[in-house]
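First up is the structure itself, then whatever we jot down about it.
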Amino acid sequence: MNRQTICLGLTQSLLRLLSTLRVTLLMKLNREDAFTLTSSRLNGTELVDANSNHSFGRHTHDQFGIGLISKGAQQSWSGRGLVEACAGDLITVNPGEVHDGKPVSDGGRSWQMIYFDPLLIQQLGDVSSSGKNLPIEFTQPVVRRPDAAITFRKLYIALNTKYPDNSDLNTEALLLTLLDKLTDDSQEQTRKTDMTFNMSEIISKLSDESIFNHALADLAEMCSMSRFQFLRAFKKTTGLTPHAFLLQKRLQKAKTDIRSGKPLIETAINSGFSDQSHMTRIFVRTFGYSPGQYLKLVHS
């Protein structure tokens, strides 16, 4: 074996070693903790997107927390017991609750978290017959409900300031819906109320004023209900949330304007959408075709 062959072999061995070290380093970097704080459109809330292999010691938060495990799994202890949460599971924490958290495997876990100031939750809370807000407490540290996970994802997007299409009415309704799904049966029974209120006045108001934005608190006050109670009653009557109901009315008005020959930009503004792009996104999502395609269809 000549000297050139030996040098070539050593070079190849060194390159393989460097390649192995590079892969090992990248794997280590991929496991590094990554926490992203995102601006929220609702005061009193914080959004966190996390990917971590870290084991957290026992600690507390001064906020309510609702999260969704998107990858991996974690084990955690609190006063509510030792639990394990996997991808697709929701996790909850109460203010002042001592808890910890560690990954189940070396791959770590990824999750999204929404933190809520207690005052905000109190303001959104239901009202008892005495007029006092009922306390809300999460009794299940892990919740396996696909419908609640879907609501969480929608709420996380609605709160994110990167998505301007979401209205305050929709955001608040999603939050109330999620809280309703995560509070236990005993609280649900305590909050039950007479839902026989005639919603025709509210439905008429929203139909006539569909181009305007409406506050859930104002609508609930018109019915002498809490926001929780009003949302349930409205959905029971119409099958839709107030926000979804308004969107349907806006779409109906937009179709009427398009059929009458009004320009699409004017149609969007007159129908209550923020702009033509907003109208187009809702149109396609609802009907499967754009306003421009509908215009061609009705005038062909």
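The values are calculated or read from the model by the stated rules, or taken from the named source; none is laboratory data. Nothing here was measured: the structure is a model prediction, and the numbers come from that model. All Cβ positions, glycine included, derive from the backbone under ideal geometry; neighbour counts span all protein chains shown.
Counting just the residues of segment 40-75 that are of a type in the set (Ser, Thr, Tyr) and surrounded by 16 or more Cβ atoms within 10 Å (Cβ to Cβ), which one comes out farthest from the chain's Cα centre (by Cα)?
Ser52
What residue, of Ile202, Ile258, is in contact with a Phe, Trp or Tyr (Cβ under 8 Å, 6 or more places away or on another chain), farther than 27 Å from Gln122 by Cβ and crowded, with 20+ Cβ neighbours inside 10 Å?
From the options Ile202, Ile258, the qualifying one is Ile258.
Check off (1) touching an Asp or Glu at 6+ places or on another chain (Cβ under 6 Å); (2) at pLDDT 85 or above for Lys102 and give me the number that stays unchecked.
(1)
Given the criterion modelled with pLDDT of 85 or more, out of contact with any Asp or Glu (no Cβ under 7 Å at 6 or more places or on another chain) and not assigned by TED's automatic domain parsing to the domain that holds Thr286, identify the matching residue among Leu178, Leu246, Leu219, Leu206.
Being modelled with pLDDT of 85 or more, out of contact with any Asp or Glu (no Cβ under 7 Å at 6 or more places or on another chain) and not assigned by TED's automatic domain parsing to the domain that holds Thr286 holds for just one of Leu178, Leu246, Leu219, Leu206, which is Leu178.
Could you say whether any residue in segment 261-279 is modelled with pLDDT under 90 and among the aromatic types (Phe, Trp, Tyr)?
Among the residues of segment 261-279, not one is modelled with pLDDT under 90 and among the aromatic types (Phe, Trp, Tyr), which makes the answer no.
Condition check: within 13 Å of Glu172 (Cα to Cα) and not in a loop (DSSP other than H, G, I, E, B). Does Leu219 satisfy that?
yes
Helices (runs of 4 or more DSSP H) wholly in segment 252-298 with at least 2 residues that are without any contact (Cβ under 8 Å) to a residue 12 or more places away in the chain and over 27 Å from the mean Cα position of the chain (by Cα) - which ones?
Where helices (runs of 4 or more DSSP H) fall fully within segment 252-298 and carry at least 2 residues being without any contact (Cβ under 8 Å) to a residue 12 or more places away in the chain and over 27 Å from the mean Cα position of the chain (by Cα), they are 264-271, 291-298.
From the list Asp208, Asp218, Asp275, which residue is of a type in the set (Asp, Glu) and closer than 18 Å to Asn166 by Cβ?
Every option except Asp275 fails the conditions.
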